[in-house]
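Have a look at the structure below, then the notes.
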Amino acid sequence: MTPDAQRQTMATIEGRGKAAGFEFKPMKDRHIYNSFDCHCLLDVAANRGLQTPLKVALFELYFKQGGNISDRQVLAECALTVGLLQDEIIPIALSICPLVLVKIN
């Protein structure tokens, strides 16, 4: 994809988001982060029926606020706001991801 095509695609996405009431932080102001720990947290949240609220919170954190979704402290704070418990978040902070454990076992 050319840089011009990429800019056009982002403008289209941002325009559609705005029309739906969701204002994206401009891509030029965002960084691309590793989202592996997010997926681990989403797996934990699914077991508590909190996957959708966490997904929305993470989406807003990254796309609206430009938050660092690879920072485990930022992720823990986000997870706590949707109702996950500190004890559920600690394994993720220690890199004990349920997704990895499933693949190993």
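Structural remarks
- Gaussian network model of the chain, springs between alpha carbon atoms under 10 Å - residue of T81, T12, T52 with greatest fluctuation: T12
- At least 15 Å along the helix axis (C-alpha) and Kyte average at least -1.0, DSSP helices within the chain: 36-47
- With the helix formula -39500 (n - 2.57) applied to DSSP H stretches of n ≥ 4, the chain reaches a computed 222 nm mean residue ellipticity of -18000 deg cm²/dmol.
- GNM result for the chain, Cα springs below 10 Å: residue of G49, G21, G66 fluctuating most strongly: G21
- Selection among T2, H39, P26 by position relative to the dipole of the chain gives T2 as farthest towards the positive end (Cβ unit charges, Cα centre).
- Whole-number accessible area per residue in Å² for the chain, which is evaluated in the context of all protein chains at 1.4 Å: 66 Å²
- Whole-percent carbon and sulfur share, accessible surface of the chain, 1.4 Å: 57 percent
- For q = 0.13, 0.16, 0.17 Å⁻¹, Debye-computed log10 I/I(0) when each Cα of the chain counts as one equal scatterer: -0.54, -0.75, -0.82
- Each Lys and Arg contributes +1 and each Asp and Glu -1, all at the Cβ; summed about the Cα centre of the chain, the dipole is approximately 300 debye.
- Eligible aspartates and glutamates near K55 by straight Cα distance, threshold 20 Å, same-chain separation 8 or greater: E14, E23, D37, D43, D71, E77, D87, E88
- Unpaired Cys in the chain, meaning no second Cys C-beta under 4.7 Å: C38, C78.
The values are calculated or read from the model by the stated rules, or taken from the named source; none is laboratory data. Source: prediction; values computed, not measured. Cβ atoms come from the backbone with ideal geometry, glycine included; neighbour counts cover every protein chain shown. We work out accessible area using only protein heavy atoms, side chains counted, and drop any ligands, DNA or RNA first. Shrake-Rupley method; radii C 1.70, N 1.55, O 1.52, S 1.80 Å.
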